[in-house]
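Contents: one structure, followed by commentary.
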Amino acid sequence: MQQYTLPLFIVGLILITKGADWFTESAVSISQKSGIPKMIIGATIVSFATTAPEFAVSAYAAYLGHTGLTVGNAVGSAICNAGLILGGVIVLRSIPVEDSSFLKRGAFMIVSALLLVVVSIDGMLTPVDGILLLIVFVAFLYYNYRLQSLLFGTNEEVNEELGEVSDSISKDVVFFVLGAALVVGGSRILIDSGTDIAMWLGVPEMIIGLTLVAFGTSLPELITAISATRKGHNDLAVGNILGANTMDITLILGASSLINELPIQDQSLYYDFPAMLLIMGMIVFFGLTGRKLARWEGAIILATYIAYVGGLFFFYMQ
């Protein structure tokens, strides 16, 4: 099977790339036709679909007892999303922060990370801890639901207007689902082949989860962010990252801990979690102080991520 690993890796990348293109275009079209702001679309619908690979991998790993891979994938994906993906996108093009919901979504992300640290101090994520994380996830969904209700109201006139565009949206929904399927399927292929490569190199499970698998499962967010930013939909890219990070922590780790208790290594408590909080904190701080995420700020965020990965291999590679 080794001779097929590299070709499969390339096939997975192609599927993700094409799927993300359909995914982004259909999401933006749905937003424009329905009147739903792209920040909401990005933080909910797009985030759900782009987080699907992380959820599938972490939940299945927890079921099989590979808890190091479960935690490493979820936390590593959150760090990768914030540091590598959003940082890299900002380096390419500064992103205005005009939507007031940025603060609230950023707050959900930070609160989720802080809660994870608090419930992990005893060295174990139990089902009770998982329920606490899932409560934050439900609160995040409710916030987005309430925001949408406030924007549209519930009167018959609005419902009729949305009904009038339902036919034209149906095609977009089809491409949205197809794009999401390609993204998830391509990610699965990419993860399997990439993990084989890493195993051949003798990389520990936790390191695999934090780096290669985390990067592989974050590829939907990466491709979506690049595609959205290239087409000028910066708010979709930011909303997707903030929403995906909240889901990585609350939904993925919360649900996985219900499947199997998750031991938290000292490395996570004293290195991975602080790095995650630092990078997330920089994003929120930079976005609020300057009302935009400038390219030089993106460079700092990206450099912090690179330093984190370098330290990971320097201090924890066995």
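The values are calculated or read from the model by the stated rules, or taken from the named source; none is laboratory data. Note that the coordinates shown come from a computational prediction; the quantities given were computed from them, not determined experimentally. Don't worry about glycine lacking a Cβ; one is built from the backbone with ideal geometry, like all the others, and counts go over all protein chains shown. Just so you know, the surface numbers come from the protein's heavy atoms only, side chains and all, with ligands and any DNA or RNA stripped out. Shrake-Rupley method; radii C 1.70, N 1.55, O 1.52, S 1.80 Å.
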> Under a plain spin-label model, where a point goes 7 Å from the Cα along Cα-to-Cβ, how far apart in nm are Tyr4 and Leu92?
Replying inline: 3.2 nm
> For labels at Lys231 and Tyr142 in the simple 7 Å Cα→Cβ model, what's the distance in nm?
Replying inline: 3.4 nm
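Multiply the residue separation of Thr126 and Leu114 by 0.36 nm, subtract the distance between their alpha-carbon atoms, and state the gained length in nm to one decimal.
Values: separation 12, 0.36 × 12 = 4.32 nm, distance 1.64 nm.
2.7 nm is the gain from fully extending Thr126 to Leu114.
Counting Lys +1, Arg +1, Asp -1, Glu -1, what net charge surrounds Ser94 among other residues with beta carbon under 9 Å of its beta carbon? Don't skip to the end; give the middle numbers.
Values: positive: Arg93, Lys292, Arg295; negative: Glu297.
So the surrounding residues net to +2.
Based on the Cβ-Cβ distance of Ile135 and Leu277, what FRET efficiency does E = 1/(1 + (r/R0)^6) give at R0 = 22 Å, to the nearest 0.05?
Working: r = 20 Å, r/R0 = 0.92.
Once the sixth-power term is evaluated, E becomes 0.65.
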> With each pseudo-label sitting 7 Å past Cα toward Cβ, what's the Tyr63-Phe315 distance in nm, one decimal?
Replying inline: 3.5 nm
> Carbon-plus-sulfur fraction of the accessible area of segment 210-318, 1.4 Å probe, in percent?
Replying inline: 67 percent
>> List the residues, sorted by chain then number, that are 5 or more residues from Leu125 or on another chain and whose placed amide H is less than 5 Å from its amide H.
In response: Leu262, Ile264
> For segment 128-134, what does the Karplus curve 6.51 cos²θ - 1.76 cosθ + 1.60, with θ = phi - 60°, yield as ³J(HN,Hα) per residue in whole Hz, taken in order and with x for Gly and Pro?
Replying inline: 5, 4, x, 5, 4, 5, 5
> Gain in length, Arg291 to Ala56, computed as 0.36 nm per residue apart minus the alpha-carbon separation, to one decimal in nm?
Replying inline: 81.0 nm
> How much net charge surrounds Ala74 when only the other residues with a Cβ under 10 Å from the Cβ of Ala74 are counted, with Lys and Arg +1 and Asp and Glu -1?
Replying inline: -2
> Using the per-residue mean of other Cβ atoms lying within 10 Å as a proxy for protection, in what order, highest first, do the peptides 78-91, 101-114 fall?
Replying inline: 78-91, 101-114
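What number comes out for the charge environment of Leu116, summing +1 per Lys or Arg and -1 per Asp or Glu over other residues with Cβ under 11 Å away?
That works out to -3.
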>> If packing is taken as the average number of other Cβ atoms within 10 Å across a peptide's residues, how do 217-224, 243-250 rank, most packed first?
In response: 243-250, 217-224
